[in-house]
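Below you'll find the structure, written out as structure tokens, and then a few comments.
Where a number appears in this text, it was derived from the coordinates with a stated rule and is not lab data. Computed from a prediction, not measured in an experiment: that's the story for all the values here. So basically every Cβ, Gly included, is an ideal-geometry build from the backbone, and we count neighbours across all protein chains shown.
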Amino acid sequence: MSTAYTLETGRTSPNSSTRRSKVRRIVIHHWDDPRRKPTFDGTVGWLLRDSTDVSAHYVVEDGRVARLVPESRVAWHAAGGNADSIGVEINPRQHDGDYETAAALIADIRSRHGNLPLVRHRAVEGSYTSCPGTYDLARLDRLASGGPVPSTTTAPAFPLPRRPGRMYYYGPSGGPQTSVSGRGLNTAVPADVQRVNGRWRSHGLARWQQRMAERGYSITVDGRFGEETERIVRYFQALVGLPVDGKIGPSTYAAAWTEAVR
Ligand SMILES: [Zn+2]
């Protein structure tokens, strides 16, 4: 297992174009279905061929990283997502060392471009693929941020009322009164949503965000439900097998404490 890796820069793919947009995300791929027995060198060879029209910035396995396209150029790995991303192709066997080397690479990329989110290839607009299989992006994220892995524990009580006709949850502003965003006054939950230093925030939502940050997510702990929190809610719900509705009700709230970090 290896967090240190050898960076191979001797080969450059002809399949790249000029970068005109800021890098905003890292797209995670696996080489192929492991049943097809893909190899590091086979993957690199494929991405170097100018007849394929495909490439990636990096190919990764335990202890080894090949850079085929410089980050300053656009690689061709994810349909509608090429322009603003860096593409990373990882060994689909998912050895611990594959995670650790990929995480070390991700940490290096972030040191150059800021705290970029990780995105699955199949989540990129215009992509029709199962890639990257079951790769656990939360684990990659956690390893890349170097934080300790929190153990599971009893969840705190869900902070909002859940009675017939009063089924409150954390969700976007602009929804019904039962959608508590923490972004403004909500007279139904005066203990939870309060003004701190001139800014509205939800105490209970901040607590959940804090726990998610400890799990390795790149989330702002501000007690306010916005696009970033919703994106992470949806990702987390899918990961742990909850219905994906983008809202934090009692199950999604508790899962941040009770679900093992994988
Ligand atoms: Zn892919």
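Some observations on this one:
- Only the Cβ atoms of Lys and Arg (+1) and of Asp and Glu (-1) were treated as charged; on that basis the dipole of the stretch 6-145 about its Cα centre amounts to roughly 380 debye.
- Axial C-alpha extent at least 15 Å, average Kyte-Doolittle at least -1.0 - helices from the chain (DSSP): 96-113, 227-240
- DSSP beta bridge pairing in the chain, given as percent antiparallel to the nearest 5: 45 percent
- Extreme residue, positive dipole direction of the chain, given options Ile109, Trp31, Leu68 (C-beta unit charges): Ile109
- Each Lys and Arg contributes +1 and each Asp and Glu -1, all at the Cβ; summed about the Cα centre of the chain, the dipole is approximately 900 debye.
- Take the Cα of Ser251, step 7 Å toward its Cβ, do the same at Asp108, and the gap between the two points is 4.2 nm.
- Spacing of the modelled spin labels on Arg11 and Thr187, each 7 Å from Cα toward Cβ, amounts to 6.8 nm.
- Rounded to the nearest 20 debye, the dipole magnitude of the stretch 126-262 is 360 debye, with +1 charges on Lys and Arg beta carbons, -1 on Asp and Glu beta carbons, and the Cα centre as origin.
- Annotation note: trypsin sites (Lys or Arg not before Pro) in the stretch 83-139 located in DSSP loop regions with a Cβ neighbour count of at most 16 within 10 Å are Arg93.
- Proxy reagent accessibility, fewest Cβ within 10 Å first, across Ile86, Ile219: Ile219, Ile86
- Across all directions, the shadow cast by the convex hull of the chain built on its C-alpha atoms averages 15.7 square nanometres.
- Rel. contact order, % - alpha carbon contacts under 8 angstrom, at least six apart, the stretch 95-150: 44 percent
- Simple rule: put +1 on each Lys or Arg Cβ and -1 on each Asp or Glu Cβ in the stretch 6-145, find the dipole, and look at Ser145, Val124, Gly10; the Cα lying farthest toward the positive end is Val124.
- Based on alpha-carbon atoms, the Kirkwood radius and the radius of gyration of the stretch 162-258 give Rg/Rh equal to 0.94.
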